[in-house]
Structures are given as C-alpha cells and as structure tokens.
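Step one of this worksheet: look at the structure below.
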Amino acid sequence: MKNRIFIVDDDASVCRSLASLLADEGYQVKSFGTVSGFRQAVATNTVAVLMLDIALPDEDGLSALPKIRAEFPEIEVVMITGEATIQRAVLATKSGAYDFLEKPIDPARLLLTLRNLFATIGLKRAVAVEREDDRYQIIGESRLLRDMIARMITVATTDSTVLITGENGTGKELVAQQIWLHSNRKQQPLIKLNCAALPHELAESELFGFRRGAFTGADRNRDGKFKAADGGTIFLDEIGDLSPAIQAKLLRVIENGEIEPLGSDTSETVDVRVITATNRDLKQLVDDGKFRADLFYRLNIVPIEVPALRERREDIPLLLEHFLERLSRTTGLGVKSLAADAVGYLSGLEWRGNIRELRNVVERCYIMSRSTEIDLEEVKRLCGIVQADLISDAEVTNKLMAAVENFERSFLKAELEKHGGNISELARSLGIDRGNLSKKLKSYDLV
C-alpha cells in the first residue's frame, strides 16, 4: 500500500503513540519490536516508509540500516532514537536514511517529514513510470524536432492553452502527453477526447455532463470530461470538428473556468488546462465562418507545429531502430534489424501517413520476415503489399466522413417525410434538441 508505514521500536508505548498519530493522518501503520519481526512482515507486505529505532534487542538500528536499504531499496527509512548525536545523524544519512528524529518525537516535525517524504516517493514513481513506458517518447535529433521540443518544454511549466497542429500521424498526441508529463499538473489527470469521434448531439453532454431529466434516458446525473479533468489537463484532439454551439461553450470554460451541465441552470467552476490539436487549417475555417475567431485566438496562445516525417528524414533511421527494439521486447519474436540499404530505402519514401504509417510498415516487416536482418528485397516486397493495401489517414477520414454524411442525410430525409415535415415531432422522436436538428436539416438543404 502506497501510504503504509512500519515502525520498529522495542518501546511499546512509543509504537502506540506514533501509530495513533499517524492513523489519524490516514496512514496505515504496523509496529514491530525487532528487526527480524520487520523482515518477516515485509516479505508479504508492501511498505513505503520504515521508522527505525537504533537501540533494538536483536540488532543495532544503525547496523541494520545499510542492509535494509540494500535489500529493500524501494523503502525509505527515517531513523528515530532517544540518544541523538551529530555523529549518529551523519552516519545514518550516509547509510541512506531520509531523516533522523530525536525522541520524544515532535508530532509537527514528524508529519512534515512524512509529507515531504511521500511527495518525494510520488515523484520517483512518476519518473520510473515515465522511463518504463516508452509509448510517449518523441524520437529524433533533427533541427526541426529539437526546436519543437524546446518550445514544448518551455510552455509545459505554464498553464497557457496550447494548439498543436500537424498532419495526421505526426504525433500530436505524443506532444500533448509530453507537455502534461513536464507540467506542474502531472500528478493530476490528463483526460483525452477526440472531437471528431463525437456525434454533434452528444458533444455537450460528453464535455460538460448532464443532469437527471435533461433528455430522454437521462435517469441520473453524470459529470463530463471537464469535471473529470478538474485540477488537471484536458486534451481535445481534432478541435476543428466541434460545432459552433459547443465552440461557444468551450470559450466560456477557457475564459471563466465555468461549465454548465446539460439540464442545469447553475454553473460550476473547474480548474483545467486546455491543450488542443488539429490537422485542419483553423485560420481558414475562421475565414470561412466555420470556427469562432475569438476561440481560435484563445486556443492559439502558444502554437506548436509538429513537422511531417518527410520534413525530417534524418530522424527515420532512429525511428526504425526504436520501433524494432520495442517490437523485440513486446512480441517475443527475437531481435531483428534492417540492412543498411533497406534503411536508406525507407528513409527516402514519402510517408503520407507519417510516423503512424512508418510504424505499421516496420511492424509488418518485423513480423513477416524470417530473417534476423531484413534486407532491401524483402522490405520492397513487403512495402509493396503495404502501399497496395493502405491509403493515407486523410483519405480514410474524408471517405468516412462522406459516407457518414450521405447516410445521415438519407436517414433524416426519410424521417422528415415520415413525420410530414414537422421538425418538432422529428426532434422528439429522435430525442435531440430541435434547434440542433433544424441546423442539421438546413446544412443538408432539407428545409
């Protein structure tokens, strides 16, 4: 348990008083009279902090300290003693103790020490997780990428809104993740939402929540993404796909920190940092009247453009090495490499789908090849399969959107005819807002 503390002291009254104090502060506490008792318990229990006395019946605490730190490096140790000296304090610190407290222990100092210690433990765990999880690493050494990373790190420690732009597959979500990891809010949640995947009629309730009775089927209160991100960060991908109505509500959140759940007549305050991303030209959307100019200016406080892969070809060999190394760890198929001419060939391709397409090609080559070194001939053969099978993300998105719009128009046309052209009745039957439905019908020239 992350807030569990073990106390090793042969004075039962000291153990009782410390356990009572710490339990009141929410810590889980166990006490032992000997070092051997601690060793038996730690074999089956996870503990974060050990409070260790020096004068113990089975082993001197100062002698046990370096052995405990070597055997259980994840456990932080606070030494306690009734006979404190400078020499003992120095020895304890050199042996790995976090702090050295003299009996009778001052409660205020102890609690402060533990709060600081658990904060340090939290940071160490966060760093360890970040190092272990390479899914969000940004790989490359090109000038374009270095400039982008420098800009990213600079803005990370602020609460400014960030607009990340770039083609599909360039890694915009990775940039958002890294901004969060390097921010002062990294101990709080990062909530992600793809706006392009949100049906327009559900966007408001998904972002801001709803109250019971707000619409048909709303049988309970539900918080939205902004409430879930309170104190932390929200990442809104494909921000250019939000409807004008939702854009207005998003502007209010950014400017005032206020949300109003659907069906509520009162506002709630949230503290959320907003990071957005898009592969569309928001300036052009503003000129076309499809995106609010005031919202664009609020989102574009710090713009970060993620370069296309073809603009930083010198990073492709490093990406190839990274993907192959990761595949060798996660698939169990062994270590494989690419021949030098194969690397050169892959570095010269267009990569319309950017890093995402490159990663898919590498994975296919890695899985399909039977050799430990994948040569140029095999890469060309497998890439030929890929190029025949795959189209760019932009083409997929455009075709999908066209298909959805065709279906939606046909469906609404048939339903409108079924209800004799009565928009109000159609809205009630579909369970959506009449105003939104009317706008949708107008966009399809059905009214």
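Matching residues to (1) assigned by TED's automatic domain parsing to the domain that holds Gly169; (2) more than 18 Å from Arg356 (Cα to Cα); (3) of a type in the set (S, T, N, Q):
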residue: Thr269; (1), (2), (3): yes, yes, yes
residue: Gln284; (1), (2), (3): yes, yes, yes
residue: Lys290; (1), (2), (3): yes, yes, no
residue: Leu324; (1), (2), (3): no, no, no
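Search the range 252-282 for residues being within 23 Å of the chain's Cα centre (by Cα) and among the hydrophobic types (A, V, I, L, M, F, W, C), and hand back the single one that is nearest to Arg211 (Cα to Cα). Looking at residues that are within 23 Å of the chain's Cα centre (by Cα) and among the hydrophobic types (A, V, I, L, M, F, W, C), I get Ile259. Sub-7 Å Cβ pairs linking a first residue in the range 283-299 that is assigned to a helix (DSSP H, G or I) to a second residue that is β-branched (Val, Ile, Thr), at least 6 apart or interchain, are Ala293/Val286; Phe296/Val286; Arg298/Thr161; Arg298/Ile254; Leu299/Thr161; Leu299/Ile239; Leu299/Thr276, ordered by first then second residue.
Screening Ala84 on (1) modelled with pLDDT of 85 or more; (2) crowded, with 16+ Cβ neighbours inside 10 Å; (3) more than 29 Å from Gln187 (Cα to Cα); (4) not β-branched (Val, Ile, Thr) shows it passes everything except condition (1). Can you run down the residue pairs with Cβ atoms below 6 Å, 6 or more apart or on separate chains, where the first is in the range 78-91 and in the same structural domain as Leu111 (by TED's automatic domain parsing) and under 20 Å from Val14 (Cα atoms) and the partner is at pLDDT 85 or above and of a type in the set (Val, Ile, Thr)? Note: pairs meeting the criteria are Thr81/Ile54.
Summed over the range 307-334, residues that are modelled with pLDDT of 95 or more and not in a helix (DSSP H, G or I) total 2. Taken over the range 183-212, the residue count meeting the criterion of being at pLDDT 85 or above, not charged (D, E, K, R) and not in a helix (DSSP H, G or I) is 11.
Quick one: would you say Thr233 is β-branched (Val, Ile, Thr) and surrounded by fewer than 17 Cβ atoms within 10 Å (Cβ to Cβ)? In short, no. From the list Gly257, Gly224, the lone residue that is free of Cβ contacts under 8 Å to residues at least 40 places away in the same chain and surrounded by 17 or more Cβ atoms within 10 Å (Cβ to Cβ) is Gly224. Out of Ile246, Ile254, Ile234, Ile304, one residue alone is more than 22 Å from Asp147 (Cα to Cα), part of a strand (DSSP E or B) and out of contact with any Ser or Thr (no Cβ under 6 Å at 6 or more places or on another chain). It is Ile234. Among the candidates Val343, Val306, Val335, the residue that is of a type outside the set (D, E, K, R) and in contact with a Pro (Cβ under 6 Å, 6 or more places away or on another chain) is uniquely Val343. A count restricted to the range 178-221 and to residues that are touching a residue at least 60 places away in the same chain (Cβ under 8 Å), more than 18 Å from Thr233 (Cβ to Cβ) and not acidic (Asp, Glu) stands at 5.
The values are calculated or read from the model by the stated rules, or taken from the named source; none is laboratory data. As the structure is a prediction and not an experimental result, all values here were calculated from the model. With ideal geometry, Cβ positions are generated from the backbone for all residues, glycine too; neighbour counts draw on all protein chains shown.
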